[in-house]
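Worksheet for the structure shown next.
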């Protein structure tokens with residue numbers, strides 16, 4: 001699976017949009033981009049995933065560049081409860097026969113009042 | 001979303017004893033489950049992939065005889081840490097994958113070996 005690169009940490013003001021970047025320049029055509037987050041001392045929580053089109057759900061939006069070498073996770077209105085470590089992962093396939101989720105170091109997002 | 005339950009959430013055991021951690025998918029069947037370990041201030045490290053009805057596949061450097069994995073049903077996988085030592089103290093997290101390929105994580109088990 002392709003490797004991802006994320007900033008170690010980011011700050012965001014409460015109520016503002018949080019934009020978390022991820023580089024995955026070696027991504028293959030059959031690899032999806034997944035985002036998870038982990039709040040302290042809990043298991044990771046699924047946020048969103050995509051292949052090449054932009055995706056949006058109730059939690060966030062995922063913007064994938066046309067060449068698929070990078071993506072941005074957008075939390076439109078960050079709250080204090082969004083403070084967590086955010087992991088960008090690329091994984092082969094999205095079905096039941098897809099690859100394993102291998103976690104990198106992630107971005108520690110701190111939402112401040 | 002789907003729920004994955006891990007038990008216990010916290011356990012303290014004596015050095016040399018064995019500890020079993022359970023991972024259950026509560027509202028879906030999971031042919032594949034994963035076990036991770038996380039040390040303080042570090043990311044999750046995949047230990048093994050557990051497939052229902054077959055032997056687990058361990059990642060490089062993970063001792064299969066020390067970390068016994070059993071996936072006897074479509075809703076339950078167990079991880080047994082045998083002859084635990086203080087260096088095995090860690091946060092253990094399981095993940096279960098549904099038929100659509102979506103992975104859901106348990107709440108984790110904090111193991112402390114004294």
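Please find, among A:7, A:44, the residue that is over 11 Å from residue A:71 (Cβ atoms), surrounded by 12 or more Cβ atoms within 10 Å (Cβ to Cβ) and within 11 Å of chain B (Cβ to nearest Cβ). Walk me through it before giving the result.
On the way: A:7 fails: within 11 Å of chain B (Cβ to nearest Cβ).
After ruling out the rest, the residue left standing is A:44.
Sort out which residues of the range A:56-83 are over 16 Å from residue A:16 (Cβ atoms) and assigned to a strand (DSSP E or B), and write them in order of number. Correct list: A:56, A:62, A:63, A:64, A:70, A:71. Comparison of B:97, B:24 shows that the only residue that is within 14 Å of another protein chain (Cβ to nearest Cβ), touching a strand residue (DSSP E or B) at 6+ places or on another chain (Cβ under 7 Å), surrounded by 15 or more Cβ atoms within 10 Å (Cβ to Cβ) and modelled with pLDDT under 95 is B:97.
Residues in the range A:90-113 that are more than 7 Å from chain B (Cβ to nearest Cβ), at pLDDT 95 or above and out of contact with any helix residue (DSSP H, G or I) (no Cβ under 9 Å at 6 or more places or on another chain): A:107, A:108, A:110. Of the residues making up the range B:77-93, none is assigned to a loop (DSSP other than H, G, I, E, B), surrounded by fewer than 18 Cβ atoms within 10 Å (Cβ to Cβ) and within 11 Å of chain A (Cβ to nearest Cβ). In the set (1) more than 29 Å from residue A:88 (Cβ to Cβ); (2) modelled with pLDDT of 95 or more; (3) under 13 Å from the mean Cα position of the chain (by Cα), the condition left unmet by residue B:70 is number (2).
The values are calculated or read from the model by the stated rules, or taken from the named source; none is laboratory data. It should be emphasised that the depicted structure is a prediction, and the values quoted were computed from it without experimental measurement. Every residue, glycine among them, receives a Cβ derived from its backbone with ideal geometry; neighbour counts consider all protein chains shown.
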